[in-house]
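The values are calculated or read from the model by the stated rules, or taken from the named source; none is laboratory data. Worth saying up front: this structure is predicted, and the values here are computed from it rather than measured. Cβ coordinates were reconstructed from backbone atoms using ideal geometry, including for glycine residues, and neighbour counts include every protein chain displayed. These accessible areas exclude ligands, DNA and RNA; they are computed on the full protein's heavy atoms, side chains included. Shrake-Rupley method; radii C 1.70, N 1.55, O 1.52, S 1.80 Å.
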Amino acid sequence: MASALLSKTTSDWCFNLLRPRYPSLPPPILSHPPTFLLTWRPFRSFFSTKRLSTFLAMDGSKAGPLKELPVGIDATTEEEYASQSRLLQEFTSISSIDKAWIFKSDSGIGSQAMFSISQSNLLANKRKKFILSSHISRESNNSVNFQWAPFPVEMTGVSVIVPSPSGAKLLVVRNPENESPCQFEIWGRAQVEKEFHIPQSVHGSVYADGWFQGISWNSDETLIAYVAEEPSPSKPTFTGQGYKKGSSTEKDFGNWKGQGDWKEEWGETYAGKRQPALFVININSGEAQAVKGIEKSLSVGQVVWAPLLRGSHQYLVFVGWSEGTRKLGIKYCFNRPCALYAVRAPNFESEADGPELKDNSTEDFPVVNLTQSISSAFYPRFSPDGKFLSFLSARSSVDSGAHSATDSLHRIDWPIDGLLSSSAKVVDVVPVVMCAEDGSFPGLYWSSFLSNPWLSDGCTMIITSFWGSCQVILSVNVLSGEVLRISPTDSNSSWSVLTLDGDNIVAVSSSPVDVPHINYGYLVDKESKSTGWSWLNVPSPTNECSEKVKSLLSSLQFSIMKIPLRDVSDSVTKGAAKPIEAIFVSSKTKRNDPFDPLIVILHGGPHAVSLSSFSKSLGFLSSIGFNLLLVNYRGSLGFGEEALQSLLGKVGSQDVNDVLVAIDHVIDLGLASPSKLAVLGGSHGGFLTTHLIGQAPDKFVAAAALNPVCNLALMVGTTDIPDWVYVEAYGSEGKNSFTDAPSAEHLTLFQSKSPIAHVSKVKTPTLFLLGAQDLRVPVSTGLQYARALKEKGVPVKVIVFPNDTHAIERPQSDFESLLNIGVWFKKYLS
């Protein structure tokens, strides 16, 4: 700043302008050089940078416009920001493969594939969505050929797309951003065939969240069942004369709407969303109607059409969540009881004057709870022959109170006479695995579930699940219960199924050092029903990234470590005594120093998992000179139920000790220096981060925490999941102790289990990244901890993103968060 000079004329002019406000100001030409004005606070507060630049230009000085640095950034840090941001943009621009669909080719030869891909648009602060098409042909030599369209097509303003079963039609839904109608489009092969606008008086936005979301075509592709927000409730209306009788939802000039009664919501990411309800639309007439007979207290989702039986009514099967006395947060929380229900579908009939809805008295037919004998049932899938209904269950979560746990797979027989019963026998297909032997199937942990997961035998499902620190593809025989890992067992990469091409699989695989790429899998010997699968790597435009990113990733390597536990109590279960896993990412070649700095990365949950899949953020951190250690402490998914349940009631101790054991392990192997350690985590990973810098105050050079859980006693009264606090602090018995009015005894225990209990010992410079709209871990907990560190004189940096929730995933916020993490760690670890 001081390098920009003011001439004598300009400085005198500024002096004369400021002198009436500051009488004690001495003339600059007598006692101060002209540059003094540039550093003098009254001067800088009076003149904006723009004004000063204008004065400099008028003055004829050769100096350019005054450059202002962002708050909290010096010139050296700004150079680091500029350098890292250029690389981060190259990682951010890598596209993601989200979904895929396969259709029969018009020629009858090969298949047509449609891939949904997305990419961050930083300037618009949104994710762009594209469709990329390809023709798939199998060659005689067991090779496969994908002929890609030259360019993807952007799906602007599209909320969700769902092809019809035959692939002849495509539903495109565009949700409104205000009180406008919801737009439904029916696409054919070359044009939009129908377009319907469903007013807010019928329903609000269609759910496209991946959980309540359910869109299902019927078999003849004339009706679509879907889940959308119930209509806006009537609110009290007031005029200049007071209350107006006969309130409505319509807007009227001269009136204003009151708020009406407050309604419970489903917490994080569902703020402002109305109750999910079930609707059916006739695509010939465009008429949409709510399905009758469902209790108002039931939130619905994941709807599918039941098989059409001759002489029987058409039914819909859906998942229902009852709110009970209150709604608790449901995002990432599979411990919310739910069941499968069946309800009669509306009956549409065509008459001479056009399609009309015929009342089929659904209100007279009771909704049937199909799974009363089990506490959780979701993702219903009918077998191709319609003889049975398979579904997943998170009963381990519901029964224990853990927000996520080992899943199980079940089925019920579908009655051939169409007479539904609430006492249908639930058959266990894949039970909960308590403790797996080394290398054996550790249990089901669903991560994605296809709308049509069936092979042609009608009883084999293809599922993506977790297996330790890897994501894998499984085949499950729903009749025999046989489970096979069919993605390559000799690979530590992670795999996920995208779609099925008949009895072949289109999948995506990646690793911490490999961007996602498409694979095509087929049975080696289909005739002999061999269990061996062969996988072909498919060249694809989606595999592309910049040459710089390719070069940086090619210089990295990763491994999955098995780390023995220390001082294991004799009282722990067998599964809880097994070694934990950690993913270690490092450079293939030594850089300048004997040891690269190590960032210990901790997942949230705590019942989640760090996977050996590609992450743009972790790829970026690896590429700027850091080794990474992703620790899957006991309580993580993918390692059996005993290991997971062992953490309940022991947070802040068992998980902290597991992380310290993992760190000591890599140090003992000579892979890390004890003087070059940093720690990074979000949510429960932030809980561990702030615990570690308090319980091991001399171990870490720097830390970064995203929406960290720092004070359970403060969080319990403000979070959308107060029951989580009780269960993680008390164990499973905390599920029964949970109350919205915690006692002094409860609060004392919560405080003792929290990082805030160790804050007085913290020395580590810490970066806090907080979402102001976070309902899961409200911003107050992170701010309280950060302020406590500032009070002690510990270096602290806090960034609050005003419009972000718990995940901090809006493109600009995600970018700024990661950039600050990189710069923060470079500052203290270089």
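Going by the conditions given, is S737 open to solvent by 50 Å² or more (accessible area, probe 1.4 Å), small (G, A, S) and out of contact with any strand residue (DSSP E or B) (no Cβ under 6 Å at 6 or more places or on another chain)? It is false that S737 is open to solvent by 50 Å² or more (accessible area, probe 1.4 Å), small (G, A, S) and out of contact with any strand residue (DSSP E or B) (no Cβ under 6 Å at 6 or more places or on another chain). Hey, could you check region 413-423 for residues that are surrounded by fewer than 21 Cβ atoms within 10 Å (Cβ to Cβ) and in contact (Cβ under 8 Å) with a residue 24 or more places away in the chain and say which is nearest to V483 (Cα to Cα)? It comes out as D413. Determine, yes or no, whether T764 is of a type outside the set (K, R), in contact with a strand residue (DSSP E or B) (Cβ under 9 Å, 6 or more places away or on another chain), in the same structural domain as C710 (by the TED database) and open to solvent by less than 30 Å² (accessible area, probe 1.4 Å). Yes. Only one entry of S586, S555 meets the criterion of being touching a strand residue (DSSP E or B) at 6+ places or on another chain (Cβ under 7 Å), crowded, with 20+ Cβ neighbours inside 10 Å, farther than 30 Å from K650 by Cα and assigned by the TED database to the domain that holds G670, and that entry is S586. For region 109-129, filtered to residues that are open to solvent by 60 Å² or more (accessible area, probe 1.4 Å) and under 23 Å from the mean Cα position of the chain (by Cα), the residue that is farthest from Q147 (Cα to Cα) is L123.
In the set A786, A703, A744, only one residue is closer than 22 Å to E268 by Cβ and of a type in the set (G, A, S); that residue is A786. If you check V701 against the conditions, is it touching a Lys or Arg at 6+ places or on another chain (Cβ under 7 Å) and within 25 Å of F595 (Cα to Cα)? When the stated conditions are applied, V701 passes them.
Scanning region 793-830 for residues that are among the β-branched types (V, I, T) and outside any loop (DSSP other than H, G, I, E, B), we see that the one that is nearest to S760 (Cα to Cα) is V796. Of the residues making up region 199-224, those that are within 29 Å of the chain's Cα centre (by Cα) and hydrophobic (A, V, I, L, M, F, W, C) are V206, A208, W211, F212, I215, W217, I224.
Considered as a group, the residues in region 687-711 that are out of contact with any Gly (no Cβ under 7 Å at 6 or more places or on another chain) and farther than 14 Å from V759 by Cα include one that is surrounded by the most Cβ atoms within 10 Å (Cβ to Cβ), and that residue is A704.
Out of the residues in region 175-217 meeting the condition of being open to solvent by 40 Å² or more (accessible area, probe 1.4 Å) and among the acidic types (D, E), tell me which one is nearest to D98 (Cα to Cα). Only one residue fits best here, namely D209. Being in contact with a Lys or Arg (Cβ under 8 Å, 6 or more places away or on another chain) and modelled with pLDDT of 95 or more: is that true of R787 here? Criteria not met by R787. Only one entry of V759, V823, V796 meets the criterion of being open to solvent by 30 Å² or more (accessible area, probe 1.4 Å), aliphatic (A, V, I, L, M), out of contact with any His (no Cβ under 7 Å at 6 or more places or on another chain) and at pLDDT 95 or above, and that entry is V796. Here E809 qualifies as under 25 Å from the mean Cα position of the chain (by Cα) and free of Cβ contacts under 8 Å to residues at least 12 places away in the same chain. Would you tally the residues in region 476-509 being assigned to a strand (DSSP E or B) and either closer than 23 Å to I136 by Cα or in contact with a Pro (Cβ under 8 Å, 6 or more places away or on another chain) (or both)? Within region 476-509, residues that are assigned to a strand (DSSP E or B) and either closer than 23 Å to I136 by Cα or in contact with a Pro (Cβ under 8 Å, 6 or more places away or on another chain) (or both) number 13. For region 740-747, check the following and say yes or no: at least one residue is touching a residue at least 60 places away in the same chain (Cβ under 8 Å) and either open to solvent by 30 Å² or more (accessible area, probe 1.4 Å) or not in a loop (DSSP other than H, G, I, E, B) (or both). Yes, region 740-747 contains at least one residue that is touching a residue at least 60 places away in the same chain (Cβ under 8 Å) and either open to solvent by 30 Å² or more (accessible area, probe 1.4 Å) or not in a loop (DSSP other than H, G, I, E, B) (or both).
For region 664-677, the set of residues classified as surrounded by fewer than 24 Cβ atoms within 10 Å (Cβ to Cβ), outside any loop (DSSP other than H, G, I, E, B) and touching a residue at least 60 places away in the same chain (Cβ under 8 Å) consists of H665, V666, listed by residue number. Taking each residue of region 601-616 that is on the phi > 0 side of the Ramachandran plot and looking for partners that are of a type outside the set (S, T, N, Q) with beta-carbon atoms closer than 6 Å, six or more apart or interchain, yields G605/H684. Just one of the listed residues (D720, D658) is buried (at least 20 other Cβ atoms within 10 Å of the Cβ), among the charged types (D, E, K, R) and part of a loop (DSSP other than H, G, I, E, B), and it is D720. Scanning region 91-123 for residues that are in a strand (DSSP E or B) and of a type in the set (A, V, I, L, M, F, W, C) turns up I97, A100, W101, I102, F103, A113, M114, F115, I117.
Among the residues of region 632-646, is any open to solvent by less than 40 Å² (accessible area, probe 1.4 Å) and more than 26 Å from A394 (Cβ to Cβ)? No, region 632-646 contains no residue that is open to solvent by less than 40 Å² (accessible area, probe 1.4 Å) and more than 26 Å from A394 (Cβ to Cβ). Restricting the first member to region 621-636 and to residues that are within 18 Å of S551 (Cβ to Cβ), and the second to residues that are among the β-branched types (V, I, T), the beta-carbon pairs closer than 6 Å and six or more apart or on different chains are S622/V585; F626/I599.
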